[in-house]
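Everything below concerns the one structure shown next.
The values are calculated or read from the model by the stated rules, or taken from the named source; none is laboratory data. Bear in mind the structure is a predicted one, so any value in this text is a computation, not a measurement. With ligands, DNA and RNA removed, areas are computed over all heavy atoms of the protein, side chains included. Shrake-Rupley method; radii C 1.70, N 1.55, O 1.52, S 1.80 Å.
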Amino acid sequence: MDEPEASPVVMLAHGILTSHVMWDGVAELLSQRWRVLRYDLRGHGSTTVGQLPYAMPELALDAIALLDELNIERVHFVGSSLGGMLGQWVGAHHSARLHSLTLANTTAVQGTPQSWEERLTAARGTGLLPLVEPTLKRWFTPGFLGSNSLEVSKMRSIATTTSVDGFIGCAALVRDLSQLHLLHRIHVPTLVVAGEQDSATTPMEAQQLVSSISGAKLVLLPAAHQSAVECPKAFAAAWSSFAENIPHSSRD
């Protein structure tokens, strides 16, 4: 966990085909004031695959179990993409563990299940490599792809080294996503972050989250699907402005 000590904890959950490393830029900025806790989802990064199939409550409860293990009572939870999907579940079922909830580049319902089924079929047949370049084109704007080769290479490396079974387990959850019915149960301060050019989870889907969660606020960033990677300074600034206005956010 990145310090400083005695500050509130910000828990960062990544998306599919990534790892906690995707938060490097945001974590560096937030750790100047907050304690930053990053972890890898099942089957991603350094985490073992475990038993398939996965269920959304299992992934969400992994986060709660980690907080219990570290004796952390409450956090500001920030989830990107799949991390935001499981964040919705945490917000609906374990609000007492949250100071706030941030749902970035995510959605509550799957509008294109066939495309995810096609990716699952491809992964089972030929592995992840054929999926990586099309995924990078969804993740980032053309301008970012053309001018940030080191960052893109880092994300490419994370994607290509992800466990096939880990991808399959998580991709099946994304394919079957249906959580609109949970959103009215979220009653913690909530920020929704959307990328202006995100074709994977569109600004319209972000607005659906905002409309369904009481008091939720929306921030649009000049990015595609990986807004925390593409514009970490803007992401961190938007989140900090949101969190600093939450009463008692300095207490765990």
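Worth a mention:
- Per-residue HN-Hα couplings for region 105-111 [Karplus 6.51, -1.76, 1.60; θ = phi - 60°; Hz; x = Gly/Pro]: 6, 8, 8, 9, 9, 8, x
- Three-way shape label, region 139-213, alpha-carbon gyration tensor, a/c 1.5: oblate
- Residues in region 1-145 average 40 Å² of solvent-accessible surface per residue, probe 1.4 Å, ligands and nucleic acids excluded.
- Portion, in percent, of the accessible area of region 97-252 that falls on carbon or sulfur, probe 1.4 Å: 56 percent
- With the helix formula -39500 (n - 2.57) applied to DSSP H stretches of n ≥ 4, the chain reaches a computed 222 nm mean residue ellipticity of -13500 deg cm²/dmol.
- DSSP beta bridge pairing in the chain, given as percent antiparallel to the nearest 5: 10 percent
- Under 5 Å between amide hydrogens, built in the peptide plane, is the criterion, and for G195 it picks out N105, L221 among residues at least 5 positions away or on other chains.
- One quarter of the surface of the convex hull around the alpha-carbon atoms of the chain equals 11.9 nm², the direction-averaged projected area.
- Long-range HN-HN contacts of T102 with modeled amide H, under 5 Å: F77, V78, G79, L191
- Remark: the Cα gyration tensor places region 88-149 in the oblate category, a/c being 1.5 or greater and a/b not exceeding b/c.
- Shown are S227, S95, whose ranking by accessible area with a 1.4 Å probe and every protein chain present, most to least, is S95, S227.
- Close amide H partners of V109, meaning residues 5 or more places away or on another chain with modelled amide H under 5 Å apart, are Q179.
- Membrane-span-like helices in the chain (whole DSSP H runs, Cα extent of at least 24 Å along the helix axis, mean Kyte-Doolittle hydropathy of at least 1.6): none found.
- Based on alpha carbons, the Rg and Dmax found for region 62-175 are 16.3, 43 Å.
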